[in-house]
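Structure record follows, encoded as structure tokens.
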Amino acid sequence: MADIPTPTVLREHAEQSYADELSALRAVDDRPRPPQWKLSPWAVSTYLLGGALPDGTVITPKYIGSRRLIEIAIASLATDRALLLLGVPGTAKSWVGEHLAAAISGDSTLVVHGTAGTAEEAIRYGWNYARLLAEGPTEGAIVPGPVMRAMRSGSLARIEELTRIPSDVQDSLISILSEKSIPIPELDTEVQAQRGFNIIATANNRDKGVNDLSSALRRRFTTVVLPLPDTLDQEVEIVESRVRSLGASLELPADLAALSEIRRVVTVMRELRAGVTADGRTTIKSPSATLSTAEAISVVTSGLSLAAHFGDGAVRADDVAAGLLGAVVKDPVQDAVVWEEYLETVVRNRPEWADLYRACRDLGD
């Protein structure tokens, strides 16, 4: 019987996607490393921000923005203080956290995804109830959570959307970050963190239903605020880089060299986000949605798929129009008015955007 080929995964972890770069950095990295770190702080920053190695290897930038912010984040993780990446949705908090874990621990999979239903067991530990009933409370009956596993191995644990987790569950982190241990009263023992253990958490303050962090918990984090890109060119570069990567992983047969629509999509997002046109002459209303860089990436990737499968491979205005409409109009009443006004007062008056205006108008007819 012939072997059936194993399908490739839809999304590789950072340490898998960039294994060659991490290996190249380890080969030339002769600087001091904190306990259990796979790379030195210098090499971690090079991995995140990009650069050329002495052997000619080019490290692609994973984060385009302030070098100092990344250096502060790495320096914090080299101490016993946890790191909180804060910012509006779409500022690459999760992306940065994943790549920090991949570079420092070689494993970005020890992660808790915070939701309103996240229980304390997800952070500490649970029980295998079949074994618990059969054997009583034993070491073998414990099901360790990602944080406990990271403590045992001296690795980084990630907690995504910390402010989505109920406040009483959040506060279970206080003793972990202070005592660096998790007590197991049922066994009259505890799990103590090995050197190298730390936590990277992400949070934003734009979602409805956010549970603010207590002052006691916030004091145990070094907070680094990741801003939206400063300039249009910087945001275009970020979107183009991510779309190129996503297009390759999804094997979209589109012409990546012809992504001229990126600048228009990013311009629309930035103008609606700021409430004023790029030239500063026209004030416009902002929609209820957070028009982040992540939204622009989603719009362009969707347009890339449309162009690849239903067009000639070149992304055009009609490929991105539907994505723009879906990104902007989250509230069908309020946002629809904002989008209509933007189309008529801004897009319509730009002759070079006539095709985008027609494509957006065709969707409304």
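Below are the figures for this structure:
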| quantity | calculated |
| --- | --- |
| Residue tally, condition surrounded by 13 or more Cβ atoms within 10 Å (Cβ to Cβ) and out of contact with any helix residue (DSSP H, G or I) (no Cβ under 9 Å at 6 or more places or on another chain), over the stretch 337-349 | 2 |
| Conditions (1) more than 21 Å from the chain's Cα centre (by Cα); (2) surrounded by 11 or more Cβ atoms within 10 Å (Cβ to Cβ); number of the one not met by S76 | (1) |
| Flag for S167 being closer than 29 Å to K38 by Cα, assigned by TED's automatic domain parsing to the domain that holds N204 and either within 14 Å of the chain's Cα centre (by Cα) or among the small types (G, A, S) (or both) | no |
| Selection count where residues are in a helix (DSSP H, G or I) and more than 21 Å from the chain's Cα centre (by Cα), scope the stretch 109-157 | 17 |
| Filtered residue count, the stretch 79-88, keeping only those that are at pLDDT below 95 and either crowded, with 17+ Cβ neighbours inside 10 Å or touching a strand residue (DSSP E or B) at 6+ places or on another chain (Cβ under 7 Å) (or both) | 4 |
| Every residue from the stretch 218-256 that is among the polar types (S, T, N, Q) and at pLDDT 85 or above | T222, T223, T231, Q234, S241 |
| Any hit, the stretch 37-60, residues being among the aromatic types (F, W, Y), crowded, with 16+ Cβ neighbours inside 10 Å, modelled with pLDDT under 95 and not in a helix (DSSP H, G or I) | no |
| Residues being touching a residue at least 24 places away in the same chain (Cβ under 8 Å) and touching a strand residue (DSSP E or B) at 6+ places or on another chain (Cβ under 8 Å) - total across the stretch 21-49 | 4 |
| Subset tally (residues that are assigned to a helix (DSSP H, G or I), under 21 Å from S288 (Cβ atoms), more than 23 Å from the chain's Cα centre (by Cα) and not aliphatic (A, V, I, L, M)) for the stretch 310-334 | 1 |
| Subset of the stretch 340-355 (residues that are farther than 19 Å from D279 by Cα and under 32 Å from the mean Cα position of the chain (by Cα)) | E340 |
| Residue in the stretch 287-299 that is assigned to a loop (DSSP other than H, G, I, E, B) and without any contact (Cβ under 8 Å) to a residue 24 or more places away in the chain present | no |
| Some residue of the stretch 329-340 being modelled with pLDDT of 90 or more, of a type outside the set (A, V, I, L, M, F, W, C) and within 23 Å of E240 (Cβ to Cβ) | no |
| Among residues of the stretch 186-217, those that are closer than 20 Å to T91 by Cα, modelled with pLDDT under 95 and not in a loop (DSSP other than H, G, I, E, B), counted | 1 |
| S94 being within 18 Å of Q194 (Cα to Cα), assigned by TED's automatic domain parsing to the domain that holds V169, buried (at least 17 other Cβ atoms within 10 Å of the Cβ) and in contact (Cβ under 8 Å) with a residue 60 or more places away in the chain | no |
| Unmet criterion (only one of (1) buried (at least 17 other Cβ atoms within 10 Å of the Cβ); (2) aliphatic (A, V, I, L, M); (3) in a loop (DSSP other than H, G, I, E, B)) for I70 | (3) |
| Residue in the stretch 78-86 that is touching a residue at least 60 places away in the same chain (Cβ under 8 Å), of a type in the set (G, A, S) and assigned to a helix (DSSP H, G or I) present | no |
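The values are calculated or read from the model by the stated rules, or taken from the named source; none is laboratory data. The shown structure was predicted, so the numbers you read here are calculated from the model rather than taken from an experiment. Cβ sites come from the backbone with ideal geometry, for glycine too, and all protein chains shown count toward neighbours.
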